[in-house]
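First up is the structure itself, then whatever we jot down about it.
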Amino acid sequence: MPLALLALAISAFGIGTTEFVMMGLLPDVADDLGTSVPTAGYLVSAYALGVVIGAPLLTALGSRIPRKRMLVGLMAVFTVGNLASALAPTFGLLIAGRLLAGLPHGAFFGVGAVVAARLVREGRQARAVATMFLGLTVANIIGVPAATLLGQQLGWRATFLVVAAIGLAAMAALARLIPPLPAEERSGLGSELRALGNRQVLLGLLTTVFGFAGIFAVYSYLASMMTEVTGFAAGSVPLVLALFGIGMTLGALAAGPLTDRALRPTLYGSLAALALVLTAFHFTAQVKWAALVTVVLIGAVGFLTTTPLQMLVMNKAQQAPTLAAASNQSAFNLANAGGAWVGGLALAAGWGWTSPTLVGAVLAALGLAVAVVAGLLDRGAHDSSRIVARSGESHSGESHSGESHSGESHSGESHSGGTGSGETAAGQTAEGSRRPVSSPPASGW
């Protein structure tokens, strides 16, 4: 794997740390700024709102900017947002700082996913994207617990100063390690919006909203389940959350190779497994060792869905994948908010502390249903879905314009038998032969 992927992973580590650390610092922030913990919870919502707004907005504004410059610029906004949060004298300004820090989140992962796919040869694109997302999972194992402890010992402002320093380090790594990559020739705002309107892209985003909402319906109330149902002491909750992070990392490691081999089957299998594991958690939550094993499995199968979902929308967006990839990050955050809300409704209805597990299972099953419908609609399609190195650029005399040659389709999936079940993350000819969809131009970057 190229060393440039390390720069993307470092950036993802910083983003993941600042996204989730606020949950553990809410009491400290509330005490320091003279507000209540529920009110301080709006700081979490402010960041999520920034993600939802910033993903399409910044991606659209930067559609013509060279990819390396775009990534460095997005991390600069992230760094300023965290520095503003650390120095905010009032709760209102802290809200503004969190909103600013969240703005580049979706756009960075959208652009970063496309860049990661362009850095490697065909057949390893999903692994490259998964490598970037490893930074996000490692943040949940190391970054968030360490930053929370730092904030509790030295004050919450110290946490955001350290995250700002991570942002500076990420900017340096991106500037040093990412090769110069031009914006795709056809990636103007019009092309990106047309790609976002693709039926398969929209169904992919809907799959993300429902499928990932199943995870957050449970994760949002995991601490309470562990203390109220399983019987763990409050001091053990960080360990439980770390186990969830370990599961996420295992899922990310498995997602890349599996998605490269067979995209849709990986997506179907992970969503089905998620629905089953969440259902099982309703019962295993009663037993400590079984609950811990299930927590790891939820993290693993839950994060196993992320790479195929990201690659799916990128592939179906064809030659303008950046806005679709960024919008998928907005969909993940909508799933975060929606899953927590629906899980909370079950608790408010008096259905018991483990009721969110069944709610999550239903949401995952709905995500699976949408994914299957999308696959059936896509069966036998020949839509040239793939991520290209440079739109319209010729490789070995072959055109990347999305046209078929000699009556053959160059889609992002295998169409053997017209079933579409053998879909991969990289482009193939109708005969299954490989095409250099992510190779750099012959003249170099």
**Complete:** Treating every alpha carbon of the range 240-392 as one equal point scatterer without solvent, the Debye formula yields log10 I(q)/I(0) values at q = 0.12, 0.13, 0.15 Å⁻¹ of -0.57, -0.66, -0.84
**Prompt:** Rounded to a whole number, what % of the accessible area of the range 38-163 do carbon and sulfur atoms account for, probe 1.4 Å?
**Reply:** 74
**Prompt:** Accessible area, 1.4 Å probe, largest first: how do 105, 282 sort?
**Reply:** 282, 105
**Probe 1.4 Å, accessible area per residue of the range 68-110, Å²** = 31
**Asked** What is the Cα radius of gyration of the range 10-116 over 2.2 N^0.38 Å, N being its residue count?
**Response** 1.09
**Prompt:** Once you put a point 7 Å from the Cα of residue 286 and another 7 Å from the Cα of residue 349, both along the Cβ direction, what distance in nm separates them?
**Reply:** 2.2
**Request:** State, to one decimal in nm, how far the label point of residue 194 lies from the label point of residue 153, with both points 7 Å from Cα in the Cβ direction.
**Result:** 5.6
**Prompt:** What number in nm² do you get for the range 255-307 if you take the convex hull of its Cα atoms and divide its surface by four?
**Reply:** 3.3
**Message:** I'd like the accessible area for residue 378: 1.4 Å probe, protein heavy atoms, all chains in place, Å² to the nearest 10.
**Reply:** 10
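Using a 1.4 Å probe over the heavy atoms of the protein chains, calculate the carbon and sulfur portion of the accessible area of the range 248-337 as a whole percent.
77
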**Request:** Quick one: P(r) of the range 152-275 from all Cα-Cα pairs, 5 Å bins, percents rounded to integers, in order of increasing distance.
**Result:** 2, 7, 9, 11, 14, 17, 17, 13, 6, 3, 1, 0
**Request:** Pop a pseudo-label 7 angstrom from the Cα along the beta-carbon direction at both residue 23 and residue 373 and give the gap in nm to one decimal.
**Result:** 2.9
**Asked** What are the radius of gyration and Dmax of the range 118-161, computed over its Cα atoms and given in Å?
**Response** 15.8, 47
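Per residue, what volume in Å³ does the Cα convex hull of the range 55-94 take up?
Dividing the Cα hull volume of the range 55-94 by its residues yields 65 Å³.
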**Request:** Using only alpha carbon positions, build the gyration tensor of the range 283-347, then give the equivalent ellipsoid semi-axes as the square roots of 5 times its eigenvalues, largest first, whole angstrom.
**Result:** 31, 16, 6
**Highest average packing first - 235-243, 327-335, Cβ atoms within 10 Å** = 327-335, 235-243
**Cα centroid separation - the range 160-238 against the range 288-311, whole Å** = 15
**Prompt:** When the chain is fully extended, how far beyond the present Cα-Cα distance does residue 276 get from residue 57, taking 0.36 nm per residue of separation?
**Reply:** 75.2 nm
**Item:** residue 103 accessible area, 1.4 Å probe, all protein chains in place, Å² to nearest 10
**Value:** 40
**Prompt:** How would 42, 219 line up by accessible area, probe 1.4 Å, largest first?
**Reply:** 42, 219
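The values are calculated or read from the model by the stated rules, or taken from the named source; none is laboratory data. Owing to the predicted nature of the structure, the values given are computational and were not obtained by experimental measurement. Counting neighbours? That spans all protein chains shown, and the Cβs are built from the backbone with ideal geometry, glycine included. With ligands, DNA and RNA removed, areas are computed over all heavy atoms of the protein, side chains included. Shrake-Rupley method; radii C 1.70, N 1.55, O 1.52, S 1.80 Å.
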